[in-house]
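Notes follow once the structure below has been shown.
Computed from the coordinates by the stated procedures, all read-outs in this text should not be read as laboratory data. If you're wondering where the values come from, they're calculated on a predicted model, not measured in any experiment. A quick note on method: Cβ atoms are made from the backbone with ideal geometry, for glycine too, and the neighbour counts reach across all protein chains shown.
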Amino acid sequence: MGGNRNEVVRSNINVQSKEDNIMLTNINPKLPMRDKNATKDFYLTKLGFIELGDYGDYLLIKKDGIEIHFFEFKDLDPKENYGQVYIRTNDIDNLYQSFLDNKIDIHPNGKLQTKPWGQKEFSVLDPDSNLLTFGQSI
């Protein structure tokens, strides 16, 4: 290859094209939780997720087409937690209204609004300050 950067890039592209049958099929975020019972109460009771599995210090939940995993992190400082998930929906207005009707706190800086990048979205914080942003393309 003689050290030419373009040759290296082309080489990587060729390797990838030989593996066209390999696909990434899903993504499941992993978020920290301090208290599994508080996490379950928020996601299962308030947001309507179902439990897929509880493995002591690891929790799996699901709603519709999405799945979220949680790992135990008892020493987590919620003020220093930067966990975030962007969740797409097909009806942002009714989802937002259902959160309001169920008295789910909307993030003070995350009220429902249209963003310059073509999304209408809002955000909530879970008990560990993981930011959940719900959005829909407009």
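Out of LYS79, LYS62, LYS30, report the one residue that is closer than 21 Å to ASP105 by Cβ and of a type in the set (Lys, Arg).
The conditions single out LYS79.
Step by step: first the residues of the stretch 85-113, then only those that are surrounded by fewer than 13 Cβ atoms within 10 Å (Cβ to Cβ) and polar (S, T, N, Q), then the one that is nearest to GLY48 (Cα to Cα). Which residue is that?
Out of the qualifying residues, it is ASN102.
Within the stretch 82-133, can you find the residues that are part of a strand (DSSP E or B), among the basic types (Lys, Arg) and either in contact with a helix residue (DSSP H, G or I) (Cβ under 7 Å, 6 or more places away or on another chain) or closer than 17 Å to PHE42 by Cα (or both)?
LYS120
Here are GLY48, GLY53, GLY65: which of them is surrounded by fewer than 17 Cβ atoms within 10 Å (Cβ to Cβ) and in contact (Cβ under 8 Å) with a residue 12 or more places away in the chain?
Exactly one of GLY48, GLY53, GLY65 is surrounded by fewer than 17 Cβ atoms within 10 Å (Cβ to Cβ) and in contact (Cβ under 8 Å) with a residue 12 or more places away in the chain, namely GLY48.
Based on this model, can you work out whether LYS79 counts as without any contact (Cβ under 8 Å) to a residue 40 or more places away in the chain and either in contact with a helix residue (DSSP H, G or I) (Cβ under 8 Å, 6 or more places away or on another chain) or closer than 19 Å to ASP128 by Cβ (or both)?
Against the criterion (without any contact (Cβ under 8 Å) to a residue 40 or more places away in the chain and either in contact with a helix residue (DSSP H, G or I) (Cβ under 8 Å, 6 or more places away or on another chain) or closer than 19 Å to ASP128 by Cβ (or both)), LYS79 does not qualify.
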